Amino acid sequence: MSFLPRITYWIFVSLVFVSVFAPAGLALAENQPVGTSSSATARTQLTCAATKLELGEVAVGQTRDRLITITNSGTARLIVLSAASTGSEFGLNGLDLPLALAAGESFTFGVTFAPRKSGRVDGSISIVSEAPTQALTIQLSGTGSATGQLQVTPAAIDFGDASLGSTGTQSVQLTAIGANVTVSSATISSENFQLEAPSLPFTIPAGYSVPFTVTFVPHDSDSSSAVLSFVSDASNSPNEQVVTLRIVGPVQHKVQLSWKASTSKHILGYNIYRGNRSGGPYQKINGVLDPNTKFTDLTVAAGHKYYYVATAVNWKKIESIHSKQIQVVIP
């Protein structure tokens, strides 16, 4: 009598086991397609190696470009549908949509940072594709810095008149106004001028000046002008100034002499004498006897002092004494 209850109890437990666990196994078999769909999700995935991009400090009014590479990290073909940036200072370029990416394929496009004011600027790029995951987001940041102006003093450089073979210099001041200015190049467009400047590039702190020297060494006989150009990161770059030079030929000095005619009869002409000291000695400077009462001396030199006398010669070739001496100073 005691054996039968134990048999009945074992049969009851066995039936409960089958009714509880067997349906669970059937339920897993029916939900197997859900597992297959989850695997398909991983087949398309858009990724970017750097999801945060720092574009650094850029002067207001200037731009800076950086490259971004996106990759289809899945195992199936992927279509990129749209892309947009937040913040008016950030722009996209080189990304034509829609864009098809094969499995493992990458694509590189550009982002441009163009700050409109000083200070930090944050933004982002949102890229939407056919991948079931959320849109790919890339964080952007950069800093706008104030831009200076480059002032060139004097505003124009005029060397005036110069003769061939002469030289001259003019000083030029470059001043940074409002913010630091970095000068990257300095050129002058004529071989008649030479520019002496510090080693380039160099930075001028705001409110400070750097001197330049412009030297003229004329090589031809024509009037010359040139453009002096400075390229910098200033808002008014490039900054250009006009340099002018008027070249003249060597000055021809001359002394024009005149005298009253001799009252003696039968005068054939006159001789002109010149000396370097008052009272002589004198040397005759006319080649032949001059019947006129005027003579031009073209053989004088700048910065010298000369003394002149004249004599009269009659038909007997008799020469008179020296006239009264005159002094001439050549500038």
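Summary table
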item: Net dipole in debye of the stretch 46-145 [+1 Lys, Arg Cβ; -1 Asp, Glu Cβ; about Cα centre; nearest 20]; result: 180
item: Loop-located trypsin sites (Lys or Arg not before Pro) in the stretch 255-314 whose Cβ has at most 10 other Cβ within 10 Å (DSSP); result: K260, K265, R277
item: Cβ-based net charge around Q256, under 9 Å, with every Lys or Arg adding one and every Asp or Glu removing one; result: +1
item: Approximate spin-label separation T244-I177, in nm, with each point projected 7 Å along Cα-to-Cβ; result: 2.3
item: Projected label distance in nm at S225 and S199, using a 7 Å step from Cα toward the beta-carbon; result: 3.7
item: Stokes-Einstein diffusion coefficient of the stretch 149-248, Kirkwood radius over Cα pairs, 10 °C, 1.306 mPa s, in µm²/s; result: 115
item: Sites S209 and T296 - FRET efficiency at Förster radius 56 Å, r taken between beta-carbons, to 0.05; result: 0.60
item: Approximate spin-label separation I318-K284, in nm, with each point projected 7 Å along Cα-to-Cβ; result: 1.8
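Read the figures in this text as sums done on the coordinates, not as results from a lab. Nothing here was measured: the structure is a model prediction, and the numbers come from that model. Glycine gets a Cβ as well: all are built from the backbone with ideal geometry, and neighbour counts include every protein chain shown.
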